[in-house]
Amino acid sequence: MTKQVTPARPHVRLGAQLLQRKSVDAIIADNEGVEPGQQLRRTLNVWHLTMISVGAALGTGILVILSTAVPMAGPAVWIAFVLAGVTAFLSALSYAEMASRVPVSGSSYSYAYATMGEGIAWVCGWCLVLEYAVSVAAIAVGAGQYINEAISVFGLSIPDAWMQPPDSGGIVNVPAAVIVLLATLLLIHGARESAWVNTLMVLIKVGILLFFTAVAFTAFNAGNFQPLAPMGVAGISAAASQLFFSYIGFDAASTAGNEAKNPRRDLPRAIIASMIIVTVLYVLVAVAAVGALPWTQFSDSESSLVTILSDITHQPWVALLFSVGAVIAIASVVLTVLYGQTRILLTMSRDGLVPKLFGRVSPRTGTPIANTLIVGVAVAMTAAFVPLGQLADATSIGTLFAFALVNISVIYLRRNRPDLPHTYKVPLYPITPVLGFLFCGFLAVTLGLETWVVFGMWMAIGVLLYFAYGRSHSVVASTRQVEHRKTATAEPDENTTQDPVSPGHS
């Protein structure tokens, strides 16, 4: 069992600490050497892991964002989905290799720590907080409209006061808060139980999307695709940047490294399989939707797919069925993305960069209860009261930044640690990770200036938090300080081991 070093205020220079790497060997040892009663339970197989990634990604782009993307790209919205999907898939291949080489729950945060040092790792972790926590709130907000569509069949509706935040004329978004809190309670109960519930929800939402496709193709009109790209390449690129939000979550399986039965083998398979499933379904539904409804008639309503089904079938039960399925689909995204957020914070906590409370695991349930409760309540409050606006759009920048770092991490480990055990290698190396990095950069620069400003403010807050807490509590910096003192006071010994967390070593 790896002995945890009690963090002490480090006296290492700031520049050295920011560049200090944590070796892959140390990352794996720390995750495997957790004291008894604090381990996460290894109960998830490749099927569970694939469903976690599919559950986290599938649904958002089609159920919530499609209506805003169609006016930007026109009938070519399916091309925008492909462009965003290719960008995500290139990074998914890099995620698959990194997950096989560093099979822990830290995802891109741990990969950055092993390759680029503590400073970039913190930035990456803070980006993941934006990617997961804020996107969960943004996704949950979209549930209210589908709930209203479902109960409208019975002549009922939720008043705007209980379905909108204060800035939109409401009081509180009750449906969004309830969905997040229910997901929180389920996650506390156990990872395996949550995985089985998520699997059921994923099968339901795949079913309703295939059902929509089948119905929409009965009213398919090829003339709706003329002209294909009325807004030109710029419109497709802008739509692709926004639709990239739809793929956020495919990396969720990489946050389950400490709960996977065979992470080196199963994580790469789950990541790649989930990307293929999500991309195919997104393109299929987008083509069916535009084929059934001229692109100029798409509204800003989050329930445009329900409108299409109602116009085609004129059957209330169809709208009810799809709306209920859509709520389940959104709940699945909330559940799996919330799961990923708690595991990222758990890993960061054990590195000393966030408070220890986030790293405590219940011996009874094998889950980080306090961590999950704090995150769940915070996200529920955000979804219920806070206007997300540009902060939700900024999640795409945070995600693109994290993906870009993973592509760099693959190149670094291939060059510096080719001896690491692995079960998967990125094809066409180094072309694939280089293209993955460039595609992420391309989509990032196409996002609006206001979104970049909001993202910059978010990162400024992250820097302040690092200096307020992480800088002085870093386990890696404390370990380095202890090793430095031993080296300075002890005689050289032929059995002295190399510092596992010294700068430049990985």
Exercise. What angle do you read, to the nearest 10 degrees and between 0 and 90, between the alpha-carbon axis of helix 232-243 and the longest principal axis of the chain?
Worked result: 60
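Can you order the peptides 257-265, 209-217, 102-110, 238-246 by their average number of other Cβ atoms within 10 Å per residue, highest first? Provide the component values of the computation, followed by the final result.
Details: 257-265: 20.8, 209-217: 17.9, 102-110: 28.1, 238-246: 26.6.
Highest to lowest by the protection proxy: 102-110, 238-246, 257-265, 209-217.
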Problem set entry | the chain: proportion of alpha-carbon pairs further apart than 31 angstrom, % | 43
Exercise. Say a paramagnetic label sat at a point 7 Å from the Cα of residue 469, along Cα to Cβ; which residues of the stretch 308-351 have their backbone N under 15 Å from it?
Worked result: 342-351
For this session: May I ask you to compute the full-extension gain from residue 192 to residue 428, defined as 0.36 nm times their residue separation minus their alpha-carbon distance, rounded to one decimal in nm?
Result: 81.4 nm
Exercise. Roughly how many Å is it from the Cα centre of the stretch 273-339 to that of the stretch 196-215, as a whole number?
Worked result: 10
Exercise. The stretch 349-371 to the stretch 55-99: how many Å between their Cα centroids?
Worked result: 33
Exercise. Put +1 on the Cβ of every Lys and Arg and -1 on every Asp and Glu Cβ in the stretch 38-468; which of 348, 142, 127 then has its Cα farthest towards the positive end of the dipole?
Worked result: 348
Problem set entry | With Cα atoms, 0 to 90° folded angle of helix 118-129 axis to the chain main axis | 30
Seminar exercise, completed: With the label point 7 Å along the Cα-to-beta-carbon line of residue 265 and a cut-off under 17 Å to each amide N, the hits in the stretch 413-452 are 421-425
Exercise. Residue 157 versus residue 313, label points 7 Å from Cα toward the beta carbon: distance in nm?
Worked result: 2.2
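Can you give the FRET efficiency to the nearest 0.05 for residue 445 and residue 14, using r as the Cβ-Cβ distance and R₀ = 51 Å?
On the way: r = 30 Å, r/R0 = 0.58.
About 0.95, to the nearest 0.05.
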For this session: Return one number: the angle in degrees, 0 to 90 and rounded to the nearest 10, between the long axis of the Cα atoms of helix 475-489 and the longest principal axis of the Cα atoms of the chain.
Result: 10
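Since every read-out is calculated from the coordinates, none of them should be taken as a lab result. Not measured: the values here are computed from a predicted model. Backbone-built Cβ (ideal geometry, glycine too); neighbour counts: all protein chains shown.
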